[in-house]
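Below is one structure; the comments refer to it alone.
Readers should treat all values here as calculations from the given coordinates under stated rules, not as data from a laboratory. In this text, all values refer to a predicted model and were calculated from it rather than measured experimentally. Please note: Cβ atoms are built from the backbone with ideal geometry, for glycine as well, and neighbour counts cover all protein chains shown.
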Amino acid sequence: MTSGALVVRRGEVGGRIVDVVIVGGQILRIGADLEAPVGARVVDARGGAVLTGLVDHHIHLFATAAADQSVDVSGGDGLARIGRESGGGWLRVIGAATELSRSDLDAHAPERPVRVQHRSGALWTLNSAAIAELDRAASDPSNVGGLSPLERRTGQLWRADERLRAMVPTADPPDVAALGRRLAARGVTTVVDATPTMSEQSLALLRDQLPQRVVALGTDAGPAPRKVVLGDHALPSLADLVATFDAVHRAGRGVALHCVTRESLVLAVVALKTAGALTGDRVEHAAVCDDAMASDLAELGVVVVTQPSLVHRRGDDYLSDCDLADRPLLWRHRGLLDAGVRVALSSDAPYGDPDPWRTVWAAATRLTTGGAVLGEEESVAPIVALEAMQTHPLDPGGAPRRLLEGDVADLCVLDRPLAAAVEDPLSVVVRCTVAHGEVAFME
């Protein structure tokens, strides 16, 4: 559309019913009863809200695309599903509730190569057939990586997504273009990929296949913060973490700190106090955060990027497995805002729900799949949640972006006014999405 024109008629912008004229991918005018350029495509919003495009501030794009081609063992059958899968090639499995070993998988699938991902996304486990396949492939000079003796013995590979993409043959690569269309149909125009390691080739592929703007935390260079994983299974030393922060900060980048446990967040805060915080520093998840930690994060000026849909997906497990004292501290939102911490929202898909409107709903209701409420005091108004997905990808938790004349067109058109959309986020229908000057979705 960068060479054409689009007119959105009778859309609600800032509480007013106006037209939005887009020419050459840029918002030319916003106002009432505007003249349409000759040959322009016209969308009648019929009073529906016209919003800036939504931003998913933390998503794993390749993993989300691949999830549709994977066997999910998060249900009641568990690993028993693996043995019932037909075929003889590699089997990709997701949703394991426990940390598995090589022998656990061999008991269900001794013959075909199988890799199983823990539901946290941090751990892949291979069976013996898979290890044998990779050992054979490691003699090929084109193969990247290979397995260490410990990985070969246990079958466990931690934080190995990029390695496995290079090592494991795939007959059907993840359809990231289909994921892009799916996200555009829900109004998402920008995605921040949070995979810990991202090659330039992988990033180029994503940018080529997706209509969304792609920002990556896992690249060695770039304007975005650098992903630093404080592994739940093996925390780094304070000295090593401070040295890492210093190096990233000297390169002019913030750090994006994966912190799921209380211990990892405490270590991250101490390291930031020692190294000094930089604008752009952010904490991913902050899944367990008490008031003292919230106060420290506010003082440091660190943004928290959290995922409300995990309250819905895993809330029942949290209620049954977590210590009673920790429950009020799980996946906080209102408490962080009250402490002065800036908060941005995201999906963490495929581990959370990639639909941004489900994120808005989950942030407001805090409902688990079983119908319980986890941390009712942490709920926020739906409009607060929505605006936390309208901030600039390099300023998460900042002011929500607004539609302005002269800006590149980056917007979505809803089927209803804004007030009705936030009243019932789950039923929202997106009628049109323009991502960075190009029509990405049209109902």
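Some points to look at:
- For the chain, a crude dipole built from +1 on the beta carbon of Lys and Arg and -1 on the beta carbon of Asp and Glu, taken about the Cα centre, is about 600 debye to the nearest 20.
- Sorted fewest first by neighbouring Cβ atoms within 10 angstrom, 405, 438, 284 come out as 405, 438, 284.
- For the stretch 231-277, the Kirkwood radius over C-alpha pairs fed into Stokes-Einstein at 4 °C and 1.567 mPa s yields D = 120 µm² per second.
- Three-way shape call for the stretch 68-113 based on the alpha-carbon gyration tensor, with the a/c threshold at 1.5: oblate
- Contour excess over end-to-end distance, with Cα ends at residue 322 and residue 98 and 0.36 nm allotted per residue: 79.2 nm
- Peptide packing for 190-196, 373-379, 268-274 was compared via the average number of neighbouring C-beta atoms within 10 Å per residue; ordered from the highest value, the list is 190-196, 268-274, 373-379.
- Cβ crowding within 10 Å ranks 389, 167 as 167, 389, fewest other Cβ atoms first.
- Bridge type composition, the stretch 6-87 - antiparallel percent by DSSP, nearest 5: 70 percent
- Rh by Kirkwood over Cα pairs, then Stokes-Einstein D for the stretch 202-327 at 0.890 mPa s and 25 °C, µm²/s: 156 µm²/s
- Between the stretch 330-388 and the stretch 1-65, the alpha-carbon centres lie 27 Å apart.
- Dipole axis of the chain (+1 Lys, Arg; -1 Asp, Glu on Cβ), positive-most option in 40, 64, 149: 40
- log₁₀ of I(q)/I(0) at q = 0.13, 0.14 Å⁻¹ - the chain, Debye sum with one point per alpha carbon: -1.21, -1.35
- The stretch 287-320 and the stretch 412-433: distance between their alpha carbon centers, rounded to Å: 27 Å
- Note: relative contact order over the chain, using C-alpha pairs below 8 Å and six or more positions apart, is 19 percent.
- The relative contact order of the stretch 387-436, computed from alpha carbon pairs under 8 Å that lie at least 6 residues apart in sequence, is 31 percent.
- The P(r) of the stretch 134-234 has a tail past 20 Å containing 51 percent of all C-alpha pairs.
- For the stretch 70-167, the relative contact order comes to 23 percent (Cα pairs under 8 Å, sequence separation of at least 6).
- Under 5 Å from the amide H of residue 4 lie the amide H atoms of 24, 25, each residue being 5 or more positions distant or on a separate chain, with H modelled from the backbone and absent for Pro and chain starts.
- Binning all Cα-Cα separations of the stretch 70-167 at 5 Å, short to long from zero, yields these whole-percent fractions: 3, 14, 27, 27, 18, 8, 3, 0, 0.
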